[in-house]
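Note sheet for the following structure.
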Amino acid sequence: MYNFLIKTALLSFMLTAAPALAQEYGSFTDSRDGNTYKTVQIGGGTWLAENMKYINADIDYKESKRPDEYGYLYNWADARKVCPAGWHLPTKVEFDRLIGTIGKGIRASDSVRHPKWDEAKNSTGFGALPVGYCDKDGCAPFASAAYFWANTERNAGQAYGLYVDSNKVTVNSGKKVSYLSVRCVMGSGEAELAAERRQSIIHYEKQKKAFLASSLTIGLVGGLTGFIGGSIFFSCLQ
């Protein structure tokens, strides 16, 4: 019995102390410029595990601290052009799905940040680096956060994106003229954009119905108030 307990305790310690299995990576080479990127499977999708480094004369971009390692930063319009054929800029829905897989808090952040960033575990293999962002006033300090564009507009001047810092992972929106990092997802992205359009229509119809119902309620209450007020007024005249 004693030997059994010792063996059980030893096995439990070995399992607890064993390091997490290394994430398996694939690779993809962009035929346009010869850059090779690591790829990784997360939540049913194949993601680039590195920031995009593609530039040409028609693309507006900013250089990160070390472009070869951290990639370039792009405004929203040009971010939509840099993913190679067979890949696409992720939609808000895809980033929401990513968060649904990993969560939002400190553990989620730890699972997507590169080990160079505060020795994070990077268990998903996403490998986010704190590149920051740039706008018309300059660039945010390196080592603050990571920002990635989504192919989804919020309004005429803003679009959505993924935000990662040491404590959380969220989907936020920013000005389209800002310069953020880009990650690409395998596939054309047409189905994802079509799904987002359907969701937008459904959301609009729900808001429309809610507005009409609210307006009708206000109208009825206003009419009833006027009727009661008129009745009181006439009763006072009698």
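The values are calculated or read from the model by the stated rules, or taken from the named source; none is laboratory data. Because the structure is a prediction, the values reported are computed rather than measured. Backbone-built Cβ (ideal geometry, glycine too); neighbour counts: all protein chains shown.
Out of Asn3, Asn51, which single residue is of a type in the set (S, T, N, Q) and either at pLDDT 95 or above or closer than 24 Å to Val164 by Cβ (or both)? Full working, then the answer.
Details: Asn3 fails: either at pLDDT 95 or above or closer than 24 Å to Val164 by Cβ (or both).
Going through Asn3, Asn51 in turn, just one is of a type in the set (S, T, N, Q) and either at pLDDT 95 or above or closer than 24 Å to Val164 by Cβ (or both): Asn51.
Hey, could you check segment 168-192 for residues that are part of a helix (DSSP H, G or I) and at pLDDT 70 or above and say which is surrounded by the most Cβ atoms within 10 Å (Cβ to Cβ)? Write out each step before concluding.
Residues of segment 168-192 part of a helix (DSSP H, G or I): 190-192.
Then drop every residue that is not at pLDDT 70 or above, which leaves 190, 192.
On the way: Glu190: 9, Glu192: 22.
Applying the filter and picking the extreme gives Glu192.
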Item checked: Among (1) at pLDDT 95 or above; (2) closer than 24 Å to Leu193 by Cα, the one test that Lys104 misses -> (1)
Check: Considering Gly226, Gly219, Gly230, Gly161, which residue is under 16 Å from the mean Cα position of the chain (by Cα) and either modelled with pLDDT of 75 or more or part of a helix (DSSP H, G or I) (or both)?
Finding: Gly161
Item checked: Filtered residue count, segment 147-168, keeping only those that are free of Cβ contacts under 8 Å to residues at least 24 places away in the same chain and over 13 Å from Asp96 (Cα atoms) -> 6
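Among the residues of segment 109-144, which ones are under 13 Å from the mean Cα position of the chain (by Cα) and not polar (S, T, N, Q)?
The initial filter retains those residues of segment 109-144 that are under 13 Å from the mean Cα position of the chain (by Cα), namely 109, 112, 126, 128.
Selection gives Val112, Phe126, Ala128.
Within the group Ala108, Ala49, Ala85, Ala57, which residue is surrounded by fewer than 15 Cβ atoms within 10 Å (Cβ to Cβ), of a type in the set (A, V, I, L, M, F, W, C) and over 28 Å from Lys136 (Cβ atoms)? Give the derivation first.
Working: Ala108 fails: surrounded by fewer than 15 Cβ atoms within 10 Å (Cβ to Cβ); Ala49 fails: surrounded by fewer than 15 Cβ atoms within 10 Å (Cβ to Cβ); Ala57 fails: over 28 Å from Lys136 (Cβ atoms).
Result: Ala85 is the single residue among Ala108, Ala49, Ala85, Ala57 that is surrounded by fewer than 15 Cβ atoms within 10 Å (Cβ to Cβ), of a type in the set (A, V, I, L, M, F, W, C) and over 28 Å from Lys136 (Cβ atoms).
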